[in-house]
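Remarks on the structure that follows.
The values are calculated or read from the model by the stated rules, or taken from the named source; none is laboratory data. This is a predicted model, so every value here is computed, not measured. Note: ideal-geometry Cβ built from the backbone for every residue, glycine included; neighbour counts use all protein chains shown. Ligands, DNA and RNA are excluded from the accessible area calculation, which covers all protein heavy atoms including side chains. Shrake-Rupley method; radii C 1.70, N 1.55, O 1.52, S 1.80 Å.
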Amino acid sequence: MKKYSFTEKKDTRSGFGAGLLEAGKKNENVVALCADLVGSLKMEAFIKEFPERFFQIGIAEANMMGIAAGMTIGGKIPFTGTFANFSTGRVYDQIRQSIAYSDKNVKICASHAGLTLGEDGATHQILEDIGLMKMLPGMTVINPCDYNQTKAATIAIADHHGPVYLRFGRPVVPIFTDPDQKFEIGKAWMVNEGKDVSIFATGHLVWEAILAGEKLAEMGIDAEIINIHTIKPLDEAAILKSVAKTRCVVTCEEHNRLGGLGDSVAQVLVKNDPLPQEYVAVDDSFGESGKPAELMTKYGLDSENIIKAVQKVIARKNAVKSPQVVEL
């Protein structure tokens, strides 16, 4: 197992704030809109540098999406900012009709996604957003794993034409990716090569997969871990190459089991190479108020649950290899 270490923890939303500032410096057409959550979205540095390119819309998220769509007609590249729940569920009609349907170049940037929103509770902890957004034709969906990758992704989407959903979070998490990385939309990142099981993880679950991989190695299980930061377009070639070796799959995400990364991977497998798959995800339920780490454990989104899923899927793989003969 390849060793990963970290010296600092930061929230991925701060990576967005840093990336937004850099994107603004690179391209004068980059503008930012916010629905009364400047501090939560870490937009202060952009506002200080480019006050004339920032628009405070207030608590009017649907209006923000319409304004952003209109700005693209004049050549602007709008980045909208609010919580993931308000970036998707509250404004789905506006995104579908005004942004996705007409292929507007809007970057929908969503913080506080998933259970790790924490104490704000189930009404704010959206776990369906990836599914909602990936179903929209032409929508790119990105869920980076740490501060550095979120910063790089934010810069990259400014150069990508078309609507993008960029998802990130509230809690501080280890920074373990390269600060100078080049982010490639739609290109999976190999975290660790292995031969016994393919672990496809996204967002906060990538670090948990690394922790699981270290423990699995001590148990004699060689896990291949791949960071699927872009859920749409999905890197199908990377998935099929990996499973050709390992012959079993675990998908890991801070999202509902229905409609997220796991379902996307399952579609690839069923069309090309049907294999045993286990999901590490929220099992079709809402969240609740609590501390982020405790919620991740309660809902099965930690390294220990990844290990259990790996053990289960390997047992299923071995059962397929050696089917029991039943006497009639």
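Step by step: first the residues of the stretch 277-311, then only those that are of a type in the set (Gly, Ala, Ser) and in a helix (DSSP H, G or I), then the one that is nearest to Leu205 (Cα to Cα). Which residue is that? Once the filter is applied, the top-ranked residue is Ser303.
Does Gly194 count as crowded, with 24+ Cβ neighbours inside 10 Å, small (Gly, Ala, Ser), in contact (Cβ under 8 Å) with a residue 24 or more places away in the chain and not assigned by TED's automatic domain parsing to the domain that holds Val141? No: the conditions fail for Gly194.
With respect to Cys248, determine if the residue is touching a residue at least 12 places away in the same chain (Cβ under 8 Å), open to solvent by less than 20 Å² (accessible area, probe 1.4 Å) and touching a Lys or Arg at 6+ places or on another chain (Cβ under 7 Å). Yes.
Quick check: is even one residue across the stretch 261-270 assigned to a helix (DSSP H, G or I), open to solvent by 70 Å² or more (accessible area, probe 1.4 Å) and either at pLDDT 95 or above or over 24 Å from Val172 (Cα atoms) (or both)? Yes, the conditions are met somewhere in the stretch 261-270. Among the residues of the stretch 217-241, the ones that are part of a helix (DSSP H, G or I) and either under 26 Å from Met139 (Cα atoms) or aromatic (Phe, Trp, Tyr) (or both) come to 6 in all. Criterion applied to Glu224, Glu254 was being surrounded by fewer than 23 Cβ atoms within 10 Å (Cβ to Cβ) and either polar (S, T, N, Q) or closer than 30 Å to Thr154 by Cα (or both), and the one residue passing it is Glu224.
Pairs meeting the criteria (first residue in the stretch 258-283 and closer than 19 Å to Ala315 by Cα and touching a residue at least 60 places away in the same chain (Cβ under 8 Å), second residue aromatic (Phe, Trp, Tyr) and surrounded by 23 or more Cβ atoms within 10 Å (Cβ to Cβ), beta carbons under 6 Å, at least 6 apart or on different chains) are lacking.
Taking the conditions (1) without any contact (Cβ under 8 Å) to a residue 60 or more places away in the chain; (2) in a loop (DSSP other than H, G, I, E, B); (3) over 20 Å from the mean Cα position of the chain (by Cα) in turn, Lys2 satisfies each one other than (1).
May I ask you to verify whether Ile59 is of a type in the set (Val, Ile, Thr), more than 26 Å from Lys25 (Cβ to Cβ), open to solvent by 40 Å² or more (accessible area, probe 1.4 Å) and assigned by TED's automatic domain parsing to the domain that holds Leu37? Yes. Out of curiosity, is Lys245 of a type in the set (D, E, K, R), assigned by TED's automatic domain parsing to the domain that holds Asp302 and in a helix (DSSP H, G or I)? In short, yes.
Remark: Ile314 falls outside the filter, which requires a residue to be at pLDDT 95 or above, under 18 Å from the mean Cα position of the chain (by Cα), surrounded by 16 or more Cβ atoms within 10 Å (Cβ to Cβ) and part of a helix (DSSP H, G or I).
When Thr154, Thr177, Thr123 are checked against the criterion of being in a helix (DSSP H, G or I) and of a type outside the set (A, V, I, L, M, F, W, C), a single residue qualifies: Thr154.
Here is the figure for the stretch 1-45: residues that are among the hydrophobic types (A, V, I, L, M, F, W, C) and open to solvent by 10 Å² or more (accessible area, probe 1.4 Å) total 7. Would you call Glu184 over 19 Å from Pro78 (Cβ atoms), touching a helix residue (DSSP H, G or I) at 6+ places or on another chain (Cβ under 8 Å) and surrounded by fewer than 20 Cβ atoms within 10 Å (Cβ to Cβ)? It is true that Glu184 is over 19 Å from Pro78 (Cβ atoms), touching a helix residue (DSSP H, G or I) at 6+ places or on another chain (Cβ under 8 Å) and surrounded by fewer than 20 Cβ atoms within 10 Å (Cβ to Cβ).
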